[in-house]
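A quick write-up on the structure given underneath.
The values are calculated or read from the model by the stated rules, or taken from the named source; none is laboratory data. Predicted, not measured: the structure shown is a model, and the values here were computed from it. In this analysis, Cβ positions are derived from the backbone assuming ideal geometry, glycine residues included, and neighbour counts consider all displayed protein chains.
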2 protein chains.
Amino acid sequence: MTGVTVILCPEGATAAAEVRGTATGTRQFDSLVQPHHLASKAHAVVLAGGSGFGLSAADPVVARLESEGYGFDTGRGVVPLVPTAILFDLAFGDQTARPGAPLVEEALATATDGRVACGSVGAGTGATVGKANGLECAMKGGVGFASLALPGGPTVAAAVAVNAFGDVRDPDEGRLVAGCRLTPESMELADARRVMASQTPAVEHPWEGNTTLAVVMTDASISKLGARKVCEMAFGGLYRSLAPALSLYDGDLVVTLATGRVEAHIHQVGILAEEAVARAIVRAVREADGFGILPAVCDLSS
Amino acid sequence: MTGVTVILCPEGATAAAEVRGTATGTRQFDSLVQPHHLASKAHAVVLAGGSGFGLSAADPVVARLESEGYGFDTGRGVVPLVPTAILFDLAFGDQTARPGAPLVEEALATATDGRVACGSVGAGTGATVGKANGLECAMKGGVGFASLALPGGPTVAAAVAVNAFGDVRDPDEGRLVAGCRLTPESMELADARRVMASQTPAVEHPWEGNTTLAVVMTDASISKLGARKVCEMAFGGLYRSLAPALSLYDGDLVVTLATGRVEAHIHQVGILAEEAVARAIVRAVREADGFGILPAVCDLSS
């Protein structure tokens, strides 16, 4: 009930991040969040379950890239830059499950530039959403993917691991798709925003640990500062598809990777990034499997 | 065609801000953006037109507060903390118009805890929205206000000066309310997100200068870190009511002021803040007056 999602860009992609949440856990994000940092590229991004323990999931990726000669050339060999972000899934299934080396090796072995699996896979295996009434009233989260392309312009995709405290809503219609239920037995959504607005300071939330981790990937040619701006615009996808985003217990962040193959305006990338992130979040819960532990969207409609 | 909006909290309100845009102009935001800064309160907030020149609009407010004995007690007299943020309106009407001392004195003289005027008043006098096709295809922006209260809980209000590059949309229905028009003569909206997605790198935007400045005001008792968290949640109001928020040319920011009179959960304040900001943005353009220079929402419906 945990896992890892690996995004490979071994030749290096211009990388930036905006880390805004209040419960993040990251590794090697230094160059992504500091505009003046020497390094401007990343060679892979790892999203992992396992909370803080998941930060070790980067190790096999770093080793693989090094063995293949990919990384930042230091003049004393290459040092791969593999920014890694984790989410808390220890409360779903066996709390001793960790995304260790075998899981990461499997992710590397099955890596593809083709169709991407969504739902309760990879970093989304143990992810949950809608925890305003506690984990027992939550629903299954997951990993979502969406890709948009402009004719003659850039392609912009988003991979999002959705482990939000809040609910997931359709960004266009505003209707809730998945989220906190009224009671552990109920299949009726309580509306997290309503629940949270009614909770006085006396209400104590058992700390569940939540986060939505979004990675925007594009073939556009943009600078590191441009990639950072795309992160800002892409945050709109979180706000539109999560109700709410960025609660006290959410560690939300956005990473942008740009391979620089297609000329594009930053606004083209930013507009598509927001939309891709918004769609990927909805897809993550629509394709989730609750493994008999928690209901998923597919259980609501059946 | 410029103006100033003054928010007075002379006894001091716990204050924090999140400055995320890429075209901001501020004064005395140091303590609001740094959690470890010595000062934790503000005694007024000033929103002003006039671009960088508008930063002097704080002077009469500082003088008034000092003369009345309000401010941070340094042991050598009081120093009022008056964070000030400006917007660019020099391209609307006379570009030499500045929000000078007479305008600020008028704002102070007419300050009220009663009904607040919205539309093309105060800092919103020269504000515009929807500039993806250039200023000549824009519509009138303004200042909006919305207040929400929970029975037995906190009241949360938002004052927002809306001078966005993007369009304004209804946050619930997704329908565009005001924004960039197809041509200078047209009254038909072009959809800024569509326009921006089609603009290649060769498209040069004349720099218009844009920003949406949001101030959240609450009677809730929350810490400075809590107020900062409210800023993060309130940014959802910008993303939901602006399409898009945070373009390359937007200097968007959120300030939160808390007077500490009512016990409240940070989530209560954050949920209401997002909603108040979203509603205030729509109200700003719905009540705007184009002064015969640009169309306003009221001209679309007539």
Which one is surrounded by the most Cβ atoms within 10 Å (Cβ to Cβ), of the residues in region A:116-135 that are of a type outside the set (A, V, I, L, M) and farther than 9 Å from A:Cys180 by Cα?
A:Gly124
Can we say B:Glu173 is within 13 Å of chain A (Cβ to nearest Cβ), under 23 Å from A:Leu225 (Cβ atoms), out of contact with any helix residue (DSSP H, G or I) (no Cβ under 6 Å at 6 or more places or on another chain) and not in a strand (DSSP E or B)?
no
Could you run through region A:261-271 and say how many residues are more than 9 Å from chain B (Cβ to nearest Cβ) and either surrounded by 24 or more Cβ atoms within 10 Å (Cβ to Cβ) or touching a residue at least 60 places away in the same chain (Cβ under 8 Å) (or both)?
2
Residue identified as more than 14 Å from chain B (Cβ to nearest Cβ), within 23 Å of A:Ala48 (Cα to Cα) and surrounded by 24 or more Cβ atoms within 10 Å (Cβ to Cβ) among A:Val156, A:Val162:
A:Val162
Suppose we filter region A:213-243 for residues that are in contact (Cβ under 8 Å) with a residue 12 or more places away in the chain, of a type outside the set (A, V, I, L, M) and touching a helix residue (DSSP H, G or I) at 6+ places or on another chain (Cβ under 6 Å); how many remain?
7
Among the residues of region B:173-185, is there at least one that is without any contact (Cβ under 8 Å) to a residue 40 or more places away in the chain, surrounded by fewer than 15 Cβ atoms within 10 Å (Cβ to Cβ) and touching a Gly at 6+ places or on another chain (Cβ under 7 Å)?
no
Selection from region A:16-73 of residues that are in contact with a Gly (Cβ under 7 Å, 6 or more places away or on another chain) and either β-branched (Val, Ile, Thr) or on the phi > 0 side of the Ramachandran plot (or both):
A:Thr22, A:Thr24, A:Ser51
Within region B:202-222, the residues that are out of contact with any strand residue (DSSP E or B) (no Cβ under 7 Å at 6 or more places or on another chain) and of a type in the set (Gly, Ala, Ser) are B:Ala202, B:Gly209
Just give me the residues in region B:245-255 being touching a strand residue (DSSP E or B) at 6+ places or on another chain (Cβ under 8 Å) and either surrounded by 24 or more Cβ atoms within 10 Å (Cβ to Cβ) or at pLDDT 95 or above (or both), in sequence order.
B:Ala245, B:Ser247, B:Asp250, B:Gly251, B:Asp252, B:Leu253, B:Val254, B:Val255
Which residues, taken from region B:152-164, are among the hydrophobic types (A, V, I, L, M, F, W, C) and in contact with a Gly (Cβ under 8 Å, 6 or more places away or on another chain)?
B:Ala158, B:Ala159, B:Val160, B:Ala161, B:Val162, B:Ala164
Among the residues of region B:142-149, is there at least one that is of a type outside the set (Phe, Trp, Tyr), surrounded by 19 or more Cβ atoms within 10 Å (Cβ to Cβ) and within 14 Å of chain A (Cβ to nearest Cβ)?
no
Would you point out the residue of region A:12-29, among those that are away from chain B (no Cβ under 13 Å) and in a loop (DSSP other than H, G, I, E, B), that is nearest to the chain's Cα centre (by Cα)?
A:Gly25
Output yes when any residue across region B:146-165 is farther than 26 Å from B:Leu81 by Cα, assigned to a strand (DSSP E or B) and touching a strand residue (DSSP E or B) at 6+ places or on another chain (Cβ under 7 Å), and no when none is.
yes
Give just the number: which of (1) surrounded by fewer than 22 Cβ atoms within 10 Å (Cβ to Cβ); (2) touching a residue at least 60 places away in the same chain (Cβ under 8 Å); (3) more than 14 Å from every other protein chain (Cβ to nearest Cβ); (4) hydrophobic (A, V, I, L, M, F, W, C) does B:Ala85 not satisfy?
(1)
All but one of (1) of a type in the set (Phe, Trp, Tyr); (2) in a strand (DSSP E or B); (3) more than 23 Å from A:Cys9 (Cβ to Cβ) hold for A:Phe92; state the number of the condition that does not hold.
(2)
Quick check on this structure: which one of A:Ala214, A:Ala245, A:Ala280, A:Ala288 is within 28 Å of A:Arg175 (Cβ to Cβ), away from chain B (no Cβ under 14 Å) and not in a helix (DSSP H, G or I)?
A:Ala288
Only one of (1) farther than 21 Å from B:Gln199 by Cβ; (2) out of contact with any helix residue (DSSP H, G or I) (no Cβ under 8 Å at 6 or more places or on another chain); (3) outside any helix (DSSP H, G or I) fails for A:Asp299. Which number is that?
(3)
Would you please name the residue that is surrounded by the fewest Cβ atoms within 10 Å (Cβ to Cβ), looking only at residues in region B:2-38 that are among the hydrophobic types (A, V, I, L, M, F, W, C) and modelled with pLDDT under 95?
B:Leu38
Failed item in (1) within 26 Å of A:Glu173 (Cα to Cα); (2) out of contact with any strand residue (DSSP E or B) (no Cβ under 7 Å at 6 or more places or on another chain), with B:Gln199 passing the rest:
(1)
Considering only residues that are over 21 Å from A:Ile86 (Cβ atoms) and of a type in the set (A, V, I, L, M, F, W, C), look in region A:119-138 and name the one that is nearest to the chain's Cα centre (by Cα).
A:Ala132
Say whether the condition of being among the polar types (S, T, N, Q) and touching a Gly at 6+ places or on another chain (Cβ under 8 Å) is met by at least one residue in region A:222-245.
no
Quick check, is B:Thr200 within 13 Å of B:Ala138 (Cα to Cα) and over 20 Å from the mean Cα position of the chain (by Cα)?
no
Which listed residue is more than 7 Å from every other protein chain (Cβ to nearest Cβ), outside any helix (DSSP H, G or I) and in contact with a strand residue (DSSP E or B) (Cβ under 9 Å, 6 or more places away or on another chain), from B:Ala258, B:Ala227, B:Ala234:
B:Ala258
Sort through B:Asp167, B:Asp219, B:Asp191 and tell me the only one that's within 13 Å of chain A (Cβ to nearest Cβ), at pLDDT 95 or above, farther than 21 Å from A:Pro244 by Cα and under 20 Å from the mean Cα position of the chain (by Cα).
B:Asp167
From the list A:Arg98, A:Arg64, exactly one residue is outside any loop (DSSP other than H, G, I, E, B) and in contact (Cβ under 8 Å) with a residue 12 or more places away in the chain. Which is it?
A:Arg64
State yes or no: is A:Ser198 crowded, with 22+ Cβ neighbours inside 10 Å, within 9 Å of chain B (Cβ to nearest Cβ), more than 21 Å from B:Phe165 (Cα to Cα) and of a type in the set (S, T, N, Q)?
no
